[in-house]
Amino acid sequence: MTDPILEARNLEKRYPGVTAVDGVSISVPTGRCFGLLGPNGAGKTTTLEMLEGITEPSSGEILFRGAARGRGFREVIGIQFQSTSLQDFLTVREVMRFFAALYPRHAGIDDLVQRCELADFLDRDTRKLSGGQRQRLLLALALINEPDLVFLDEPTTGLDPQSRRNFWRLIESIRAEGKTILLTTHYMEEAERLCDEVAIMDRGRVVARGTPRALLLEHFPPSVIRLPASALPGRVRIPGVREAGSGQVEIFTDDVPHTLAELEVAGVALESLRVGSPTLEDLFIQLTGHQLRA
Amino acid sequence: MISLRRFLAALRARLPEFYRDRASLLWNIAMPILLILGFAFVFTGEDEDLFTVAVLGDAADSPFAATPHVRFVPLNALAPGLEKLRRHQYDLLIDVRAAPRYWLNDSAPKGALAERLLLGSYAQAAPIMPTRQTVAGAAIRYVDWLLPGVLAMNLMFSCLWGVGWVVVRYRKNGVLRRLQATPLTAFEFLAAQVAARLVIVLAVTTVVYVAALWLIGFRMQGSHGLLFLTFLVGSACLTSVGLLVAARLRTEELADGLLNLLSWPQLILSGVWFSLEGVNPAARALAQAFPLTHLVDAARRIMLDGAGLAEVGPQLAILAGLTLALLAAAARMFRWN
């Protein structure tokens, strides 16, 4: 295990009447992609902004490469906020030049244009970009100083599935360059695909942390069977059946053929049945007792 | 550590809006020109009274008082009356307190006619003829008097909204937060906003000024260099007011209200439209607190009276001092979030 590039100990952020972040400790390993997961309002963004140095924590400690973050911290990090407007009346190229000039050393603009696929709209006013184009520009700005640590706050929220997949490829290429990525998301699919390690947050606290695979193995049997609740005859008793919301029930099992046989014996209609692996979404519901986007 | 590189980058990023925001540019240039042309048109009509005569003492003491179509304006002191006579605002000035005396402006055609009426009335009715004195000076039309005020007013709106409102909007929509995440410091950012606004405002003011020279045939009495310096200091001061407003506010509506609250009293009480000579002393004292008052005053003296640095020095010093105080307060109060 590499040394952590960023560590937080007992972070708290209290606003009058609300504790947004309530004792969060995390450790981000160098060169990995670390995900903060949780529903809206879980405190992910506030935690991220404290780590970025944008918001001052009410209490707690943040260490960058083992020491307090100094003046040079901003020069070695890149940030993509959840919602950012850019200065009016500037084109994509001008915005990139502006941000590049703010750093003592910066990436080649042509290189970034290619990496983030900006060539088609380089001279367009930034207010006229589509959602996906805009996110790629914001990512390019986050990378403009060749940062060692990149913060991405809900980078694909609001993107269509195609743009989202494109964006994932970009993030994977950044990780492949050896940069550390710290991202927040409420899409579990995104976390499963991108993150080496995750911390699941709920109501201002971290409720679980680890690699997605280890977390799932720790909490679930390897398979889950889902079927409509209506398929179960009234008084059938199958061990391990539980409500999954939206008129669905689910059964976690180590032995899929055995469970299927049991269902068949009980006279359950198997037409709409699906077999799969538990996801981080299942884990989240298991840990917090509520839906991710309730 | 202040970085010139970052300051210049932030300055450059604010300048393209000057030529890309066509609507604002057109409005900033067209509005004052239309105002000036409008006033030039409105005030070209003849007065109902044929002559305006200023009187020191009681007009009824003079046989001239019986003359029809003459408007008599009572005066308290000689000097301001003579000043207006020089600018053709009075046709004649008479002093009837002791042995009658009168003044006229050599270059004012109506003055010579008014003089004949005056002497005629005395010849018929009075034992002593009034003694004659003259002053010199070219006519100043209302529109000439208005020009410095309109230039200053236009500059005020551009400074206040161009910085105050825009910075608040940038705070609300996250532009500032994104910049906060870079090495750009608050001081560099604010200095760049001020510098960019000065460039834009002075360019627009120059265009409007040149257009006025051409359209209404304004005749500049003073130094263009000094006038430029005056507008530079004045816009720095008004921009600082905008920055102070923008230091913490988070909604454009609040900023808009506050900017209106700050600009309208200045617009009315700073002598843009009418001279403050006759207004309530409390209002006049209040007007001394307004940057626009000093800017209009200095610009008008330079443009109409040919005042030099020594004469407008106090106004420029007040504006410069106010600028420093406002900037320091704005920088101290400023929040990115």
When only residues in the stretch A:87-99 that are of a type outside the set (Phe, Trp, Tyr), touching a Leu at 6+ places or on another chain (Cβ under 9 Å) and crowded, with 19+ Cβ neighbours inside 10 Å count, which is farthest from the other protein chains (Cβ to nearest Cβ)?
A:Val92
For A:Gln133: the one exception among (1) among the polar types (S, T, N, Q); (2) free of Cβ contacts under 8 Å to residues at least 60 places away in the same chain; (3) within 14 Å of another protein chain (Cβ to nearest Cβ):
(3)
How many of the residues in the stretch A:193-221 are more than 26 Å from A:Gly41 (Cβ to Cβ) and surrounded by 14 or more Cβ atoms within 10 Å (Cβ to Cβ)?
1
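Let's see how each residue does on (1) at pLDDT below 95; (2) crowded, with 22+ Cβ neighbours inside 10 Å; (3) under 21 Å from B:Ala236 (Cβ atoms); (4) touching a His at 6+ places or on another chain (Cβ under 9 Å):
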residue	(1), (2), (3), (4)
B:Ala138	yes, no, no, yes
B:Asp144	yes, yes, no, no
B:Trp165	yes, no, yes, no
B:Arg169	yes, no, no, no
I'd like to know if the stretch A:26-33 contains one or more residues that are touching a Phe, Trp or Tyr at 6+ places or on another chain (Cβ under 9 Å), surrounded by 21 or more Cβ atoms within 10 Å (Cβ to Cβ) and assigned to a loop (DSSP other than H, G, I, E, B).
no
Condition (residue is touching a residue at least 12 places away in the same chain (Cβ under 8 Å), away from chain B (no Cβ under 12 Å), surrounded by fewer than 22 Cβ atoms within 10 Å (Cβ to Cβ) and part of a loop (DSSP other than H, G, I, E, B)) applied to the stretch A:77-86: is it met by at least one residue?
no
Of the conditions (1) assigned to a helix (DSSP H, G or I); (2) farther than 30 Å from B:Ala108 by Cα; (3) β-branched (Val, Ile, Thr), B:Thr182 satisfies every one except a single condition; which number is it?
(1)
What about B:Gly174, is it at positive phi and within 14 Å of chain A (Cβ to nearest Cβ)?
yes
Output yes when any residue across the stretch A:170-181 is within 17 Å of A:Asn40 (Cα to Cα), among the hydrophobic types (A, V, I, L, M, F, W, C) and in contact with a Pro (Cβ under 9 Å, 6 or more places away or on another chain), and no when none is.
no
Please work out which residue is modelled with the highest pLDDT, limiting yourself to the stretch B:284-337 and to residues that are of a type in the set (Lys, Arg), more than 20 Å from B:Ser240 (Cβ to Cβ) and surrounded by fewer than 22 Cβ atoms within 10 Å (Cβ to Cβ).
B:Arg301
Taking strands (runs of 3 or more DSSP E) that do not extend beyond the stretch A:222-289, which have at least 2 residues that are crowded, with 16+ Cβ neighbours inside 10 Å and out of contact with any Lys or Arg (no Cβ under 8 Å at 6 or more places or on another chain)?
A:223-228, A:248-253
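Can you spot a residue in the stretch B:35-43 that is over 29 Å from the mean Cα position of the chain (by Cα) and either exposed (fewer than 15 other Cβ atoms within 10 Å of the Cβ) or within 14 Å of chain A (Cβ to nearest Cβ) (or both)?
Taking every residue of the stretch B:35-43 in turn, none turns out to be over 29 Å from the mean Cα position of the chain (by Cα) and either exposed (fewer than 15 other Cβ atoms within 10 Å of the Cβ) or within 14 Å of chain A (Cβ to nearest Cβ) (or both).
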Yes/no for A:Ala199 being part of a helix (DSSP H, G or I), touching a residue at least 40 places away in the same chain (Cβ under 8 Å) and in contact with a Gly (Cβ under 8 Å, 6 or more places away or on another chain):
no
Give the residues of the stretch A:172-188 that are out of contact with any helix residue (DSSP H, G or I) (no Cβ under 8 Å at 6 or more places or on another chain) and acidic (Asp, Glu), sorted by residue number.
A:Glu177
Is at least one residue of the stretch A:115-137 buried (at least 20 other Cβ atoms within 10 Å of the Cβ) and closer than 30 Å to A:Gly289 by Cα?
no
Scan the stretch B:325-337 and report the pairs whose first residue is farther than 21 Å from B:Pro291 by Cα and more than 14 Å from every other protein chain (Cβ to nearest Cβ) and whose second residue is aliphatic (A, V, I, L, M) and part of a helix (DSSP H, G or I), with Cβ atoms within less than 6 Å and a gap of 6+ or a chain change.
B:Phe334/B:Ala186
Of all residues in the stretch B:178-193, count the ones that are of a type in the set (D, E, K, R), in contact with a Lys or Arg (Cβ under 8 Å, 6 or more places away or on another chain) and closer than 18 Å to A:Asp88 by Cβ.
0
Filtering the stretch B:115-129 down to residues that are under 18 Å from B:Val70 (Cα atoms), surrounded by 11 or more Cβ atoms within 10 Å (Cβ to Cβ) and touching a residue at least 12 places away in the same chain (Cβ under 8 Å) yields B:Glu115, B:Leu117, B:Leu118, B:Ser121, B:Tyr122, B:Ala125
Some residue of the stretch B:160-169 being touching a residue at least 12 places away in the same chain (Cβ under 8 Å) and closer than 21 Å to B:Ala298 by Cα:
yes
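Residue by residue, here is whether (1) without any contact (Cβ under 8 Å) to a residue 60 or more places away in the chain; (2) assigned to a loop (DSSP other than H, G, I, E, B) holds:
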| position | (1), (2) |
| --- | --- |
| A:Leu36 | no, no |
| A:Pro39 | no, yes |
| A:Thr45 | no, no |
| A:Thr55 | yes, yes |
| A:Gly60 | yes, no |
| A:Leu63 | yes, no |
| A:Arg71 | yes, yes |
| A:Arg74 | yes, no |
Which condition number in (1) surrounded by fewer than 18 Cβ atoms within 10 Å (Cβ to Cβ); (2) at pLDDT 90 or above; (3) outside any helix (DSSP H, G or I) is the one that A:Tyr103 fails?
(1)
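Looking only at residues in the stretch A:46-76 that are closer than 13 Å to A:Asn10 by Cα and within 14 Å of chain B (Cβ to nearest Cβ), which one is surrounded by the fewest Cβ atoms within 10 Å (Cβ to Cβ)?
A:Met50
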Some residue of the stretch B:207-216 being among the hydrophobic types (A, V, I, L, M, F, W, C), touching a residue at least 24 places away in the same chain (Cβ under 8 Å) and not in a helix (DSSP H, G or I)
no
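The values are calculated or read from the model by the stated rules, or taken from the named source; none is laboratory data. Keep in mind it's a predicted model, so treat the numbers as computed, not measured. When we count neighbours, we look across all protein chains shown, and the Cβ atoms used for this are built from the backbone with ideal geometry, even at glycine.
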